[in-house]
Each structure stands twice: as structure tokens, then as C-alpha cells.
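As C-alpha cells, the structure follows; a few thoughts come after it.
The values are calculated or read from the model by the stated rules, or taken from the named source; none is laboratory data. From a predicted model like this one, the values you see are computed outputs, not experimental measurements. Here the Cβ is made from the backbone with ideal geometry for all residues, glycine too, and neighbour counts use every protein chain on show. Areas reflect the complete protein model, heavy atoms only, side chains present, ligands, DNA and RNA absent. Shrake-Rupley method; radii C 1.70, N 1.55, O 1.52, S 1.80 Å.
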Amino acid sequence: MATREAPPLPKTPAASGAIDAATARSWLGQMLLIRRFEEKAAELYSAGKIRGFLHLSIGEEAVSVAAIAALTEADNIVSTYREHGHALARGLPPGAVMAELYGKANGASRGRGGSMHIFDVGRRFYGGNAIVAGGLPLAVGLALADRLRPRPAITACFFGDGAVAEGEFHESLNLASLWKLPVLFLCENNYYAMGTALDRHQAETDISLKGGAYRVPSVAVDGMDVMATASAVRAAAEQVRSGAGPFLLECRTYRFRAHSMYDPELYRSKEEVEQWKRRDPIALFRARLEGGGILAAAAIEALDREARAVTDQAVAFAEAGEWEPVADLLKDVYARELPCG
Amino acid sequence: MRMTYREALRTALTEALSADPRVFLMGEDVGRYGGAYAASKGLLEQFGPDRVRDTPLSESAFVGAGIGAALGGMRPIVEVMTVNFSLLALDQVVNSAATLRHMSGGQLSVPLVVRMATGGGRQVAAQHSHSLEGWYAHVPGIRVVAPATAHDARWMLPAALREPDPVFIFEHAMLYPEEGEVGEEPGPLPLFAAAIRRPGRDVTVIAHGGSVGKALAAAEQLATEGIEAEVLDLRSLRPLDDATILESVRRCHRAVVVDEGWRSGSLSAEIASRISEGAFFELDAPVARVCSAEVPIPYPKHLEDTALPQPDGICAAVRGVLQPAQAAGAKA
Ligand SMILES: Cc1ncc(C[n+]2csc(CCOP(=O)(O)OP(=O)(O)O)c2C)c(N)n1
Ligand SMILES: [Mg+2]
């Protein structure tokens, strides 16, 4: 068992501003839905209903919800393989997401992609990319298209701390900044790239400093605090929307579960995970809402029951889905078939 | 001794690190995580972080650094997690590793070993499942091998480390948990020779890596029908062991090439061409191929299974070449 010092907890800013009950209910409801949905997905994985790779974002729900709350329907989202939370927060029907995890034809990507490749172009959700940092150049291109058409929208691009080591991160930040493109780069820094801790893969562990080399304004925020994250994303998104060029927002968070379902977690201690769980974004938000008299415990319990019910309905939808016929195997490789092979 | 393919690799890595101080292993999560496929589990503890180096997610940089370290007198073993990710490093491979000896007029040598997982079958969809070793086999200046057995997983690595040129070892992801007999000694075959895994007389079934087991399963089935298929494991994809391939085809007069790569522009196309160049007049039927369907590998099991070569499809292709007129749809 590797015993290394736990990474420093981010400094928690004081509660940033007030929140109304409707927003609180919406955000907490979404965070609970992501949590319950993914807990169920883990169970279904053990039951063999979901196969392949399954990456859970449990512990990171505040970032998904806060980030997407700042976007409009016209904005684009580019995501990673750890994207159930992004998809649900974007409003993809939970049934379509669960059916995709099953690989059923009623899944968001007709079952072709599975957990890592959830797409919904109608919601401008440009997917689940399982090549680390592979989404960043696409986000630059989507923003370039919006600039050229022109179309008033920004592109939000999620990626992990691990992606920062790839050339594509650096090339994309530079390009977006050089061309002043409306890209909101959202780094979900959960302090690990698979089993490699941030301080073992980055010479400079303050990711928010990296924007400076490309003249991309950057800020780091406590990603366990949904309100702090939401106000940081709102400010960043406004700046990008104003035409000032890209922005890099580093959200410091933590995954409570293994990297994927295959991971024996040899690289971090239980104590470290427990320490972070004390800053569970759902528990923190809940306590703040209850403490501030914004939502009563009973209302919160009702939200949780609803999250479980929606999850159960999503499972039922997936169970009821059909398998795509084998005869359709070659469908959608091209827009049209040509007579020659 | 019986051990898994994974244990065989670990044994080989352990021996290599023990035997030669110039050898070191680097790649994503090879150390603390123990390797994405657990091939290097325990090696960090045994050899320390200088010799078992976790790298950032920087395929181009760490494959390139492997090339540089080889130029500088070391014997690096670079692990790339999966062939799909190796595409980020393809520039370093094709433009540097493969060219430096030649471009420098023979002054430089790149004794580098790169290992990576390849292939489908685990329902990990279209960015983790492809078999691109045939692309690598296209490139002069590098060598490409594909151990299909635990014994080869054990003994190809030390042989690769003795090569003065870059050697790419493709490990089919489905093979890691497979158990097999591992001999105490290397050989009997040299690194770049093909092996007859099952002698036969009616047809040569040519496969490599994860397809060898499928070809053997097909041969078992065909034997119950009175068809004796010879199964040839390529082992080396560059160079190809033409002599062994052609000798077998000349004896059996029919050939089926199994390749998990896509059919168009594939290694199977190269092999079929070499057979027609070298044994055309010995053939009793056109060479048949069993390849992956021309689709990015889909996630659901039934579609993935259909997309990849399977024993049933190999059997059907063999039956086809035994009835050439029907198979070719030609003259009655
Ligand atoms: C180019 C590439 N290299 C390696 C991998 C294997 N891999 C998948 S996820 C991952 C870690 C990524 O870490 P990070 O970017 O921090 O995202 P997180 O998983 O923590 O959300 C690795 C090494 C990959 N998918 N793509
Ligand atoms: Mg991470």
C-alpha cells in the first residue's frame, strides 16, 4: 500500500452569496440524481448488466452541476469518458443515459458507445471522448465554427488533471487564445490521473497557472463547493461570452470511487479518501441549505427519494430497450453507402 | 511451468530489469498502479522509481524520450497503455524511431522496446479496441512481434532487448489472463520466425496474437468434420516469415488469413499478396480472409462479437476454400 501524504485540501472560501430555494432544489436534486444514478450503475456493473469501462464521478457532482448551470441551451459541451454527471446535468433523459450504459438501442448513442461515449447533439452534448485530452481540439473547432458562422454561443470543455500533460491541452489553449475563441476550459482536477497523483505527473501542480503561458485568464475554485464553483463558472462564462477569448477554470475536486471498475486502488490510502469524503459536495451543500433555512430536511429527503425513483425509472427504460439487430452492424460508419467496397 | 500471459510478461520484465542496469521501464501507471493490465505489478517496489517510471499522460513525449534514451545508451522498455493511445506517439515512432539509423547514414541505433495492448473483445468500444499492429508492420525501420502464447510473452521480450533496432511488442488484451505452458528456456524459434501451432494438411490458417486461439478452436471444430487445418502463428509481423508461410501453403494448397485488423489495406492483404506472389501455382483456391468488420468497434457484446473474427467465421471461410467454385461464386 502506497503511503503518501494526502494532497492539500483546497481552501474553502466562505459561502459565496445567497441562493434561492428553487435554485437550491434544482442543484441539489441534480447532484443527488447523479449520485444515485451512478451508485446504481456500479451495482448494475457487478450484476453484469453494464460492461466494459465504467468511470464514476461520485464526489465530483458539484462541478458537473455548477458548470452546466452557467450554460445556455445554445452553448456546446465537450466531455470525457467520466461524463454521466455532465450528461445528466445537461438534461439528457436519465433513461437514455442508462440505456447507453447497457448498450441498448434506446440509449443516447443507440448503444454504440456505452458509458464512455454518450452523445446528444440536440442538447449540444458533443460527447464522451475516451482519448485523454482528445476533446480539447474539438472544443476549439466548435468555438471556431461559432465565430465564423457567426453564432452567439460558447463551448464548455471538460477534461481531467491528467489531460493537462498532453500536448493537445497546450496546443488547444494556445490556439483558442491566439484566435480569441469562446472556449471555457473546465479542468476537473481530482488530483489523480488513474493511479498517478497530480504531484507525480505535473511539475507545476497549480493547473490554473498554466493558462498564463498562453495568455488565457485562469482561476482555481473549490470544486466541492457547488455555490463557489457556480459563481466562478458564471463569471468565467460571462467573460468568454463577452468576446474576451478563452478562460481556464480549474475545479479542485476528488473522486471517491476507483478510477474505473477494474482499479484495485493501490496508489492511495483509505485515510486520504476518507479525509476527502468529509468534504462530500452533497453533504456540504445539504448542510448549508438546512443550516441557512433554505431547504428543510424533509424537502431534501423528498429530493433524494425522487432521485432514486428517477434512477429506477431509468433502469426500467434500459431494461425494456431492444438490442440493435446484428444486421445493422455497419450502420453509421458513413452518411451514405457507396456501391464500391 | 504453467503461468498466465500476464505473469509471463512480469517474469520477463523482472528478469530484464535484474539482468541489465541499462534496462528501465516507463509508461503511464506502470509503477504505483501496477500497470493497466497489471503486467508490472510489484516491479516499482522491487526496482524503485528510477527504473520503473510512472509517466504523465504524454505519449508523444515519453515514447520520444524512450527513443532518446536508447540513443543515449540505455535499453528502455516503454509501455503504451493501448494501441489507440499510441497514435499520439506515432510521429515519434514513424519519423524518428524508424528513420534515425537510415537518416544518419548508419551512425545511430535505437535499441528500444515498446510494448502495448491491442485488440478487442472487452466491450470497451471504439476508442480502446482496435488492432492497429498492421499499421506498424507497414513501417521499415521498426520490427513488430505479437506473442500469442504465455511462452512467447515470456521469451520475446529478452530477445527483443537484444535487437539493435526498435521492436514493438503487441499484446492482445484478451490474452493477459490466459494460462499456458512456459518453458525454462527461450526458443525453440528465433524472434522473427512463424510457428506451426497445429499441423494439418487441408488448409493453412494464418493468424497472430489474439486470433491464434480462435484459429485453433476453429481447427478443432473442423477436425470433427474431417478437415485438417494447419494453424500458423505469425509471431512476427515485420519481418514476415515468408519461408514458413509459403512452405505450409505449398503443402496444404489452400490458405485462410485471420486478422483482427480491418480488411482494407490490412496485414491480411499483405499476406494474401505474398502467397499469390510466391505460391500461386500451388493454390487450389483463392486465399480467403477473415477480418474485423469495417466499423469502429461497437460497445454491445453481440455487435462486438459480430464485428471481430470468430471461430465460426474461420470455419466458414475454411469450408469455402475447400469448395472454391462456390466460394469464388465463379464457374460451376
Ligand atoms: C491518450 C490516452 N492515454 C491514456 C489513456 C488511459 N487513461 C484513461 S483515463 C486516464 C487518466 C486520466 O486522468 P484525468 O485526465 O485526470 O481524468 P480522470 O480520470 O481523473 O477524470 C488514463 C491514463 C487514455 N484514455 N487516453
Ligand atoms: Mg484526474
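Which value, in debye to the nearest 20, gives the size of the charge dipole of the protein assembly as shown about its Cα centre, when Lys and Arg are +1 and Asp and Glu are -1 at the Cβ?
940
May I ask you to list the GluC sites (Glu not before Pro) in the stretch A:198-277 that are in a DSSP loop and have at most 13 other Cβ atoms within 10 Å of their Cβ?
Values: sites: A:Glu204, A:Glu238, A:Glu250, A:Glu265, A:Glu271, A:Glu272, A:Glu274; in loops: A:Glu204, A:Glu265.
Sparse-neighbourhood loop GluC sites (Glu not before Pro): A:Glu204.
Once you mark the GluC sites (Glu not before Pro) that are in a DSSP loop and have at most 15 other Cβ atoms within 10 Å, what is the longest gap between them in chain B?
Maximal segment without exposed cleavage sites: B:1-183.
Within the stretch A:114-198, which GluC sites (Glu not before Pro) sit in a loop by DSSP and count at most 12 neighbouring Cβ atoms inside 10 Å?
none
What is the local net charge at B:Leu308, summed over the other residues whose Cβ is closer than 13 Å to its Cβ (Lys, Arg +1; Asp, Glu -1)? All intermediate terms of the calculation are to be shown ahead of the outcome.
Values: positive: B:Arg122, B:Lys214, B:Arg263, B:Lys301; negative: B:Asp259, B:Glu260, B:Glu294, B:Glu304, B:Asp305, B:Asp312.
Here the count lands on -2.
Please sort A:91-102, A:22-33 by packing, taking for each peptide the average over its residues of neighbouring beta carbons within 10 angstrom, highest first. It would help to have the intermediate numbers written out before the result.
On the way: A:91-102: 24.0, A:22-33: 20.2.
For the peptides A:91-102, A:22-33, the packing ranking is A:91-102, A:22-33.
Tell me whether the stretch B:26-126 comes out rounded, prolate or oblate; compute the Cα gyration tensor, take square roots of the eigenvalues as a ≥ b ≥ c, and use a/c under 1.5 as the rounded threshold.
oblate
Around B:Val144, which amide H atoms from residues at least 5 apart in sequence, or from another chain, sit under 5 Å from its own amide H, with H modelled in the peptide plane?
B:Phe168, B:Leu237, B:Arg238
If the elastic network links every pair of Cα atoms under 10 Å, which of B:Gly209, B:Gly200, B:Gly72 fluctuates the most in the Gaussian network model of chain B?
B:Gly72
Taking a cut-off of 16 Å between Cα atoms, list the aspartates and glutamates near A:Lys210, but don't count ones fewer than 8 places away on the same chain.
Qualifying aspartates and glutamates at Cα under 16 Å: A:Asp161, A:Glu166, A:Glu168, A:Glu171, A:Glu188, A:Asp199, A:Glu250.
In µm²/s, what is D for the stretch A:242-332 at 4 °C and 1.567 mPa s, where D = kT/(6 pi eta Rh) by Stokes-Einstein and Rh is the Kirkwood radius from Cα pairs?
On the way: Rh = 18.4 Å.
D, rounded to a whole number, is 71 µm²/s.
Taking a ≥ b ≥ c as the square roots of the eigenvalues of the Cα gyration tensor of the protein assembly as shown, is the shape rounded (a/c under 1.5), prolate (a/b larger than b/c) or oblate? Numbers along the way, then the final one.
On the way: a/c = 2.03, a/b = 1.62, b/c = 1.25.
Verdict is prolate for the protein assembly as shown.
Pull out the extension gain between B:Lys301 and B:Gln221, defined as 0.36 nm times the separation in residues minus the alpha carbon to alpha carbon distance; nm, one decimal.
Between B:Lys301 and B:Gln221, full extension yields an extra 26.5 nm.
Of the cross-linked pairs A:Lys270/B:Lys301; A:Lys104/B:Lys214; A:Lys270/B:Lys214; A:Lys270/B:Lys41; A:Lys277/B:Lys301; A:Lys40/B:Lys301, which ones have a Cα-Cα span greater than 31 Å in the structure shown? Walk me through the numbers on the way to the answer.
Numbers: A:Lys270/B:Lys301 35 Å; A:Lys104/B:Lys214 27 Å; A:Lys270/B:Lys214 42 Å; A:Lys270/B:Lys41 20 Å; A:Lys277/B:Lys301 36 Å; A:Lys40/B:Lys301 21 Å.
Violating the 31 Å limit, Cα to Cα: A:Lys270/B:Lys301; A:Lys270/B:Lys214; A:Lys277/B:Lys301.
Label the stretch B:195-331 by shape, choosing from rounded, prolate and oblate, from the square roots a ≥ b ≥ c of the eigenvalues of the Cα gyration tensor; if a/c is under 1.5 it is rounded, and otherwise prolate applies when a/b is larger than b/c, oblate when it is not.
Cα axes put the stretch B:195-331 in the rounded bin.
When chain A is treated as a GNM, springs tying every alpha-carbon pair under 10 Å, which of A:Leu181, A:Leu289, A:Leu329 comes out with the largest mean-square fluctuation?
Greatest mean-square fluctuation among the candidates belongs to A:Leu329.
Put simply, what bits of the stretch B:23-47 lose 40 Å² or more of accessible area when the other protein chains are there, versus the chain on its own (1.4 Å probe)?
When all protein chains are present, B:Asp29, B:Arg32, B:Tyr33 each give up 40 Å² or more of accessible surface.
Roughly speaking, what is the centre-to-centre gap between the stretch A:105-121 and the stretch A:263-317 when only Cα atoms are used, to the nearest Å?
26
What is the distance in Å between the Cα centres of the stretch B:243-309 and the stretch B:211-237?
Rounded to whole Å, the Cα centres lie 13 Å apart.
Per residue of chain A, what 222 nm ellipticity follows from adding -39500 (n - 2.57) for every DSSP H run with n ≥ 4, rounded to the nearest 500? The partial results should precede the final answer.
Working: 11 runs with 137 residues, N = 341.
Result for chain A: -12500 deg cm²/dmol, rounded to the nearest 500.
In Å² (nearest 100), what accessible area is buried between B and A, both sides summed, heavy protein atoms only, 1.4 Å probe?
When B and A are taken together, about 3100 Å² of accessible area is lost.
Probe radius 1.4 Å, ligands and nucleic acids left out: which of B:His138, B:His208 has the largest accessible area, and how do the rest follow?
Of B:His138, B:His208, the descending order of accessible area is B:His138, B:His208.
Along the stretch B:35-52, what does the Karplus equation 6.51 cos²θ - 1.76 cosθ + 1.60 (θ = phi - 60°) give for ³J(HN,Hα), rounded to whole Hz, x for Gly and Pro?
Whole-Hz 3J(HN,Hα) from phi for the stretch B:35-52: x, 4, 10, 6, 5, 10, 4, x, 6, 4, 4, 6, 10, x, x, 6, 9, 10.
Over the alpha carbons of chain B, what is the largest minus smallest coordinate on each principal axis, giving the biggest first in Å?
67, 44, 39
What list of ³J(HN,Hα) couplings, whole Hz, do you get for the stretch A:98-110 from phi and the Karplus terms 6.51, -1.76, 1.60, once you set θ to phi - 60° and write x for glycine and proline?
Coupling constants for the stretch A:98-110: 5, 5, 5, 4, 6, x, 8, 5, 8, x, 4, 10, 6 Hz.
What does the net charge come to around B:His172 if you take all other residues with beta carbon closer than 10 Å to its beta carbon, with K and R at +1 and D and E at -1?
-4
Run the simple label-point estimate for B:Glu15 and B:Arg201 please: 7 Å along Cα→C-beta, distance reported in nm.
Modelled inter-label distance: 3.8 nm.
Considering only B:Asp241, B:Asp20, B:Asp165, give the residue with the highest GNM mean-square fluctuation for chain B, with springs between Cα atoms whenever their separation is below 10 Å.
B:Asp20
Go ahead and estimate [θ] at 222 nm for chain B from helices alone: -39,500 (n - 2.57) per DSSP H run with n ≥ 4, summed, over the residue count, rounded to 500.
My calculation for chain B gives -10000 deg cm²/dmol from helical runs alone.
Which whole number gives the average, over all residues in B:121-131, of C-beta atoms from other chains lying within 10 Å of the residue C-beta?
Working: counts 0, 4, 7, 9, 14, 6, 9, 6, 1, 0, 0.
That average works out to 5.
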